[in-house]
Amino acid sequence: MIIFPGSFDPFTIGHQDIVNRAITLFDQVIIAVGENIDKRPLLSTQAKIKLINDVFVNEPRVQIISYSGLTTDLCHQMKVNNILRGVRTIRDFEYESTIDSINRLINRDIETVILLTDPRYAAISSSAIREIRHHGGRIDKFMPNGIELEKYI
Ligand code: ADP
């Protein structure tokens, strides 16, 4: 079992690809929607959960939860030591590396499993989707199939 923590504001086709690949490696993937204290999100936590549920409605090996507080505390509560993250760029790598170092200082048993982005999705980020939407652009090709973002806002 592995926990995939993130803001998912919104969940993108890039996130979906990471989850689909992780379920070939782990028996269960728990997507954990975190409450981010210093961002005003586009989607409420409930809407994020509904959207992600709709993506994985036919995949019983994927569960969706929300949490606040430290990811290491969530791992402790759920008795899971594996954290899943995705990396697109060197910048992502540096960020993930720092977080992993901190998590490891908090709990030595935690292993972060990093999947490298599929090049098709390397440029896709939640923030880019929010920005394109804000300026009235089309974002459907960045969203998982069949997901209409406006329905969740
Ligand atoms: P956070 O705010 O915690 O970084 P995000 O929702 O932005 O959460 O992303 C969650 C994880 O998914 C991060 O590890 C991020 O690097 C990864 N990720 C986001 N978009 C992509 C993508 N297109 N390809 C691969 N990994 C991605």
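Of the residues that make up the range 15-22, is at least one within 15 Å of the ligand (Cβ to nearest atom) and within 18 Å of Asn81 (Cβ to Cβ)?
Yes: the range 15-22 contains one or more residues that are within 15 Å of the ligand (Cβ to nearest atom) and within 18 Å of Asn81 (Cβ to Cβ).
Before we move on, is Ser125 open to solvent by 30 Å² or more (accessible area, probe 1.4 Å), touching a residue at least 24 places away in the same chain (Cβ under 8 Å) and under 17 Å from the mean Cα position of the chain (by Cα)?
no
Yes/no per residue for (1) at pLDDT below 95; (2) of a type in the set (D, E, K, R); (3) surrounded by 15 or more Cβ atoms within 10 Å (Cβ to Cβ):
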position: Lys48; (1), (2), (3): no, yes, yes
position: Phe56; (1), (2), (3): no, no, yes
position: Pro60; (1), (2), (3): no, no, no
position: Ile64; (1), (2), (3): no, no, yes
position: Met78; (1), (2), (3): no, no, no
position: Asn82; (1), (2), (3): no, no, yes
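From the list Phe4, Phe11, Phe26, which one is away from the ligand (no atom under 12 Å from the Cβ) and of a type in the set (Phe, Trp, Tyr)?
Answer to the selection: Phe26.
Name the residues in the range 105-153 that are within 14 Å of the ligand (Cβ to nearest atom), touching a helix residue (DSSP H, G or I) at 6+ places or on another chain (Cβ under 7 Å) and of a type outside the set (Val, Ile, Thr), would you?
Within the range 105-153, Leu115, Asp118, Tyr121, Phe142, Met143, Pro144 qualify.
Report, by residue number, each residue of the range 29-46 that is within 12 Å of the ligand (Cβ to nearest atom), surrounded by 14 or more Cβ atoms within 10 Å (Cβ to Cβ) and closer than 21 Å to Cys75 by Cα.
Ile31, Ala32, Val33, Gly34
Out of all the residues in the range 3-17, is one or more open to solvent by 70 Å² or more (accessible area, probe 1.4 Å), more than 20 Å from Ala128 (Cα to Cα) and either in contact with an Asp or Glu (Cβ under 9 Å, 6 or more places away or on another chain) or not aromatic (Phe, Trp, Tyr) (or both)?
No; the residues of the range 3-17 include none that is open to solvent by 70 Å² or more (accessible area, probe 1.4 Å), more than 20 Å from Ala128 (Cα to Cα) and either in contact with an Asp or Glu (Cβ under 9 Å, 6 or more places away or on another chain) or not aromatic (Phe, Trp, Tyr) (or both).
Might you let me know whether the range 92-102 holds any residue that is part of a loop (DSSP other than H, G, I, E, B), within 17 Å of the chain's Cα centre (by Cα), at pLDDT 95 or above and surrounded by fewer than 18 Cβ atoms within 10 Å (Cβ to Cβ)?
no
Considering only residues that are small (Gly, Ala, Ser) and under 13 Å from Ile153 (Cα atoms), which ones fall in the range 9-52?
Ser44, Ala47
The values are calculated or read from the model by the stated rules, or taken from the named source; none is laboratory data. Because the structure is a prediction, the values reported are computed rather than measured. Note that we place each Cβ from the backbone using ideal geometry, even for glycine, and neighbour counts take in every protein chain shown. The area values use the complete protein model at the heavy-atom level, side chains included, leaving out ligands, DNA and RNA. Shrake-Rupley method; radii C 1.70, N 1.55, O 1.52, S 1.80 Å.
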